[in-house]
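Worksheet for the structure shown next.
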Amino acid sequence: DRVQRPVDPAADLAGSGLPPARCRMCGRALVTGQERVLGRCDTCPSTADDHLLDELTQWRDDIAEHAGVPGHVVLTDATLHAIAELTPATTTELLAIPGMRPDRVDEHGSALLRMVTPYRLVPGPRP
């Protein structure tokens, strides 16, 4: 008989391709897939700029419509939200976001970084 040990959601996930196992804001263990994608627990407030998130979503929907696929095939809502929250500045930072595989960064990385850049340069809410 095998004894199963309880799973520790805060266990070290280094090298697994998943984001840190603890919330980047409060340090609480990340349990759900969406929490891991965002790098924060669902009780901490989002740091995403709503205008950027809308812009990213519209861009993704346009790409999907042109390709004749559902939007989540291009990028999931959780990945878009993570991009809007983390505002990556480089392709390396994009690759660190779950859902941003190398082929997606090759195909969409430049456009994503162009959209994110103004939001990195102007802190706080935008008009």
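Readers should treat all values here as calculations from the given coordinates under stated rules, not as data from a laboratory. Predicted model, so just to flag it, every value in this text is computed and none were measured. In this analysis, Cβ positions are derived from the backbone assuming ideal geometry, glycine residues included, and neighbour counts consider all displayed protein chains.
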Which of the peptides 74-87, 22-35 is most tightly packed, and how do the rest follow, going by the mean number of other Cβ atoms within 10 Å of each residue? 74-87, 22-35
Distance (nanometres) between label positions extended 7 Å along Cα→Cβ at D77 and R24: 2.1 nm
